[in-house]
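What follows is calculated from the coordinates using simple rules that are stated; it is not laboratory data. Quantities reported herein were computed from a predicted structural model and do not represent experimental measurements. Heads up, the Cβs are rebuilt from the backbone with ideal geometry, glycines too, and the neighbour counts pull from every protein chain shown.
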Amino acid sequence: MFRDAALIAGKDLRIERRSRVTTQQIAPFALLVLVLFAFALDPDRGVLGRAAAGLYWLAVVFCTVLAVQRSATVEVTDRAGEGLRLAGLDPGGVFLGKAVAVGAQLLVLEALLTIGIAFFYGTKLHEPMLLLATALLATIGLAAAGTAYAAVAAGLRVGTTLLPLLLLPVLAPVLLAATRAWEAGLAGVPGDAVSWLELLAAFAVLYIAVGVVGYGTLQEES
Amino acid sequence: MRSIRVLGALAVVTLTGTFALGLGLPATFEQRTYSRMVALHPPLAWTAYVAFGITAAASILYLIPRTRRPRWDAIASASAELGVLFTGLTLITGSLWGRPTWGVWWTWDARLTTTALMLVIYLGYLAQRSIADTASARAMRSAIIGAMAVVVVPINHMAVEWWRTLHQGRSLASLKPGSTLDGDFIAAMLLGFVAMTLSYVWLLVLRTKVIEADNELEAHALTAAIAARRREAVAQ
């Protein structure tokens, strides 16, 4: 399973390196969202600084929708996913591989967005280790849940409009927990973040389990 | 068919009884006549949760190859529709109750937030059901989403619960007539629970039959369905 996962992750990341969708489309979109938040919330009143953690994670969640949609589309185009099934790869491994590739892209986006909030919103990054741990756990959860739901919506003619409706309520706990943990970190009170990190970890484990067990059925159905 | 009618009659009788008892409740000191909502609002919320539980159970039964029947898919779908209906009514009655007692239509209380998220999740479920597709592909996809929702609802609940308790540590439970409820209120509420559950089961049976008839129509064309209906009518 893990060998298959490594193969698929390598494949997806290679596709991304060549097509540059993440770097040329999703990353600029992420920064654009940060700028748009500044238009919506008056930058002079300090709202941006106080809401930085929430806005950051909202931007990450939006990017997740785009990234997993892209990741699932790759398999639907030219029926590439059927090729994977014919190759006899373990479905759990395929799921893990795709989730790892999405997670890696999200981490790059998060790094970029972190620079973005520090630069645009003037956020001071206290407790960097806590911020990093939160980002890692949240990213695993986002990538796992996103990959599972994108596989459901992929291949449907209206999949692009359906996916946000299905996925965003599911990602709500990650948005909530990651935001609170970051708020605690940015405010310099890391103790408050512990229970939120636990929640993020539970979410990640749960969706990895759901994906590994259920991905075979998802592939059959599409 | 007769048992469905009996069920329907029971639902109507208990619902009427609930309204009669509920409207007859005395005004309380704290909430005046608004406390009568206790006969309606908690039973609606309870039924919404039951409906989504049934959707999840039917979805899981459909996913297990040994118990896979088209009927589970129909039940899951019917129950999700009713769940959305009852959740909608829960939110409406809740905000009608909240406005005079808490002073706001909406508050970011843990329970309200979870209920709203649950509503959106099942609206998504229903949205994907309405996509034109082959019956088996739709059933399979719905079953997966219905089963995954079992994971979503509790974790959403947990997250939101922590969020509110960590943040304001204020319990709205003390405002609700819960701990100091007297006999008449309990009776009205219990009858409400029975009435809503019966109504739910009745509507579920009817809606499931309609969905199955719909599927049959899709599968075997009109004539077969008409012949079956005629046979059923003659048999009565």
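Treating chain B as a set of equal point scatterers at the Cα positions, no solvent, please give the Debye-formula log₁₀ I(q)/I(0) at q = 0.11, 0.16 Å⁻¹.
-0.68, -1.17
For chain A, what is one quarter of the convex hull surface built on the Cα atoms, given in nm²?
11.8
Find how many whole Å separate the alpha carbon centroid of the range A:63-119 from the alpha carbon centroid of the range B:44-119.
Measuring centre to centre over Cα atoms gives 32 Å.
How much net charge surrounds A:Trp196 when only other residues with a Cβ under 12 Å from its Cβ are counted (Lys, Arg +1; Asp, Glu -1)?
-2
Could you tell me which of A:Leu163, A:Tyr149, A:Ser71 has its Cα farthest along the dipole of chain A towards the positive end, charges placed at Cβ (Lys, Arg +1; Asp, Glu -1), taken about the Cα centre?
Checking the options against the dipole of chain A, the answer is A:Ser71.
Among A:Asp44, A:Asp192, which comes first, then next, by fewest other beta-carbon atoms within 10 Å?
Lowest count first: A:Asp44, A:Asp192.
Give me the extension gain from B:Leu217 to B:Thr67: residue separation times 0.36 nm, minus the current Cα-Cα distance, reported in nm with one decimal.
Length gained, B:Leu217 through B:Thr67: 51.7 nm.
Report the one residue of A:Val47, B:Phe86, A:Pro128 whose Cα lies farthest in the direction of the positive end of the charge dipole of the protein assembly as shown (charges on C-beta: Lys and Arg +1, Asp and Glu -1; origin at the Cα centre).
B:Phe86
Just counting partner chain Cβ atoms within 10 Å, what average do the residues of peptide A:206-215 show around their Cβ?
Average per residue, whole number: 2.
Given the -39500 (n - 2.57) contribution per DSSP H run of 4+ residues, what per-residue ellipticity at 222 nm results for chain A, rounded to the nearest 500 deg cm²/dmol?
Mean residue ellipticity, 222 nm, calculated: -28000 deg cm²/dmol.
Read phi for every residue in the range B:44-50 and hand back ³J(HN,Hα) as whole Hz from Karplus 6.51 cos²θ - 1.76 cosθ + 1.60, θ = phi - 60°, with x for Gly and Pro.
So the Karplus estimates, Gly and Pro as x, are 5, 5, 4, 5, 4, 5, 4 Hz.
When the Kirkwood radius is taken over all Cα pairs of the protein assembly as shown, what Stokes-Einstein diffusion coefficient follows at 10 °C and 1.306 mPa s, in µm²/s?
For the chosen part, D equals 65 µm²/s.
Sort B:14-24, B:101-111 by packing, meaning the average of other beta carbons within 10 Å per residue, with the highest value first.
Averaged packing, sorted descending, gives the order B:14-24, B:101-111.
Any idea what the dipole of the range A:2-221 comes to, in debye rounded to 20, about its Cα centre with Lys/Arg Cβ at +1 and Asp/Glu Cβ at -1?
440
Based on Cβ point charges of +1 for Lys and Arg and -1 for Asp and Glu, what charge dipole magnitude is obtained for chain B about its Cα centre, in debye rounded to the nearest 20?
Computed charge dipole of chain B: roughly 340 debye.
For the protein assembly as shown, give the magnitude of the charge dipole about the Cα centre (Cβ charges: +1 Lys/Arg, -1 Asp/Glu; no others), in debye to the nearest 20.
Dipole of the protein assembly as shown, to the nearest 20 debye: 720 debye.
Can you give the mean number of other chain Cβ atoms that lie within 10 Å of the Cβ atoms in peptide A:165-178?
6
Under the Karplus relation 6.51 cos²θ - 1.76 cosθ + 1.60, θ = phi - 60°, what is the ordered set of whole-Hz ³J(HN,Hα) values for the range B:129-138, x standing for Gly and Pro?
5, 7, 6, 5, 6, 5, 4, 6, 5, 5
How big is D for the range B:6-104, in µm² s⁻¹ as a whole number, if Stokes-Einstein is applied with the Kirkwood radius of its Cα pairs at 4 °C and 1.567 mPa s?
This corresponds to a translational diffusion coefficient of 83 µm²/s.
If you count, for every residue in B:153-159, the Cβ atoms of partner chains within 10 Å of its Cβ, what is the mean?
Mean shielding by partner chains, rounded to a whole number: 5.
Relative contact order for the range B:2-235 using alpha-carbon pairs under 8 Å, separation at least 6, rounded to a whole percent?
Value for the range B:2-235: 33 percent.
If you take the charge dipole of the protein assembly as shown about its Cα centre, with +1 on Lys and Arg Cβ and -1 on Asp and Glu Cβ, which of B:Ala58, B:Trp202, B:Val150 is farthest toward its positive end?
B:Trp202
If packing is taken as the mean number of other Cβ atoms within 10 Å per residue, what is the order of A:107-118, B:141-152, highest first?
The densest-packed peptide leads the list: B:141-152, A:107-118.
I need A:Lys11, B:Lys209 ordered by Cβ neighbour count within 10 Å, fewest first.
B:Lys209, A:Lys11
How charged is the neighbourhood of B:Leu198? Take every other residue with its Cβ under 15 Å from the Cβ of B:Leu198, and add Lys/Arg as +1 and Asp/Glu as -1.
Around B:Leu198, the surrounding residues sum to +2.
Relative contact order of chain A, please, whole-number percent, based on alpha carbon pairs below 8 angstrom and at least 6 residues apart.
28
Figure the gain on full extension for B:Ser136 and B:Ile60 (residue separation times 0.36 nm, minus the Cα-Cα span) and round it to one decimal in nm.
That pair, B:Ser136 and B:Ile60, stretches by 25.8 nm at full extension.
With helices defined as uninterrupted DSSP H runs, which ones in chain A have an alpha carbon span along their own long axis of at least 30 Å and mean Kyte-Doolittle hydropathy of at least 0.5?
Helices meeting the span and hydropathy rule in chain A are A:52-76, A:91-120, A:128-153, A:159-187, A:194-221.
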